[in-house]
Amino acid sequence: MILDLKTAQEEVKQTGLGDLIIKLDHIAYRVKMGQREKAMAELANLIPYQEHKSFKVISMNAVTSTLRLQDTLPVIVVSEGLAEDSIVEKYVKKYGGRVHHFAYLVRDIEKVVKIQKSRGVEFTTDNIIGSEEEGIKQIFTQPTEAGNHIIEYVQRFGDFDGFFTPSNIGALMKSTEKLGEA
């Protein structure tokens, strides 16, 4: 993998990634069971974000909430497990409550993934999650070595402005299951 900043920047330029990755889309936290509302209140106390939507992810025994600053990006996403065996709770037990990933909006997720795989980037799943018909496609990288955080690439289609769909949120969370194992 890339060992120095200059080499990384040159490779990104040569591969065209700079033209494909648009901007920071959202920042996602995973917090200890029962701490989601507290974490959201702490953030709202520091910056004028407002709660936007909350979703119960039944298949993963978790709750995810989004906070927005008017209509701007990035959005903040906060997830908590609802039981000890939840993927979210297992992750938090291993790493503590923290930023889980930074998500970047991209122009062509298939091209981004192909380029990144050719550069040695590994993902939490072999397949991109979601579809153009659903309005969104997403994929997580494996955690970085130095910072131990994940990058998500996301592409939206049509007028879809969400961060996941009921049919893909479980698959996204499940793709990170091995990260919470001891």
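Of the residues 30, 36, which single one is under 20 Å from the mean Cα position of the chain (by Cα), of a type in the set (Lys, Arg) and under 20 Å from residue 140 (Cα atoms)?
Values: 36 fails: under 20 Å from residue 140 (Cα atoms).
Matching residue, one of 30, 36: 30.
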Handout entry: Given (1) closer than 27 Å to residue 12 by Cα; (2) in a loop (DSSP other than H, G, I, E, B), number of the condition residue 83 does not satisfy
Key = (1)
Problem - Answer residue from region 56-73, given it is crowded, with 16+ Cβ neighbours inside 10 Å and in contact with a Phe, Trp or Tyr (Cβ under 8 Å, 6 or more places away or on another chain) and is nearest to residue 163 (Cα to Cα) among those - result: 66
Handout entry: Residue check, residue 78 outside any helix (DSSP H, G or I) and either buried (at least 16 other Cβ atoms within 10 Å of the Cβ) or touching a Gly at 6+ places or on another chain (Cβ under 8 Å) (or both)
Key = yes
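Tally up the residues in region 111-131 that are surrounded by 13 or more Cβ atoms within 10 Å (Cβ to Cβ) and of a type in the set (D, E, K, R), please. Reasoning before the result, please.
Quick first cut of region 111-131, residues surrounded by 13 or more Cβ atoms within 10 Å (Cβ to Cβ) only: 111-113, 115-116, 119, 121, 123-125, 128-131.
Next, only the ones that are of a type in the set (D, E, K, R) stay: 111, 119.
Within region 111-131, residues that are surrounded by 13 or more Cβ atoms within 10 Å (Cβ to Cβ) and of a type in the set (D, E, K, R) number 2.
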Handout entry: Filtered residue count, region 127-164, keeping only those that are within 11 Å of residue 105 (Cα to Cα), touching a residue at least 40 places away in the same chain (Cβ under 8 Å), touching a helix residue (DSSP H, G or I) at 6+ places or on another chain (Cβ under 6 Å) and not polar (S, T, N, Q)
Key = 1
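If you take the residues in region 88-110 that are outside any strand (DSSP E or B) and in contact with a Lys or Arg (Cβ under 7 Å, 6 or more places away or on another chain), which one is surrounded by the fewest Cβ atoms within 10 Å (Cβ to Cβ)?
Here is the first cut: in region 88-110, the ones outside any strand (DSSP E or B) are 88-97, 107-110.
Restricting the remaining residues to those that are in contact with a Lys or Arg (Cβ under 7 Å, 6 or more places away or on another chain) gives 88, 91-92, 97, 109.
Values: 88: 27, 91: 22, 92: 23, 97: 18, 109: 20.
Checked region 88-110; the qualifying residue surrounded by the fewest Cβ atoms within 10 Å (Cβ to Cβ) is 97.
If we only count strands (runs of 3 or more DSSP E) wholly inside region 129-182, which ones have 1 or more residues that are acidic (Asp, Glu)? It would help to see each step written out before you state the result.
Numbers: elements: 129-131, 136-140, 150-156.
Counting at least 1 such residues, we get 150-156.
Residues checked against (1) aliphatic (A, V, I, L, M); (2) within 25 Å of residue 42 (Cβ to Cβ); (3) under 16 Å from the mean Cα position of the chain (by Cα):
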| position | (1), (2), (3) |
| --- | --- |
| 96 | no, yes, no |
| 110 | no, no, no |
| 114 | no, no, no |
| 135 | no, no, no |
| 141 | no, no, yes |
| 147 | no, yes, yes |
| 173 | yes, yes, yes |
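Taken together, the values in this text are just the output of simple stated rules run on the coordinates, not laboratory data. Quick caveat, the model's predicted, so the values are computed rather than measured. Quick reminder, even Gly has a Cβ in these numbers, built from the backbone with ideal geometry, and neighbours come from all protein chains shown.
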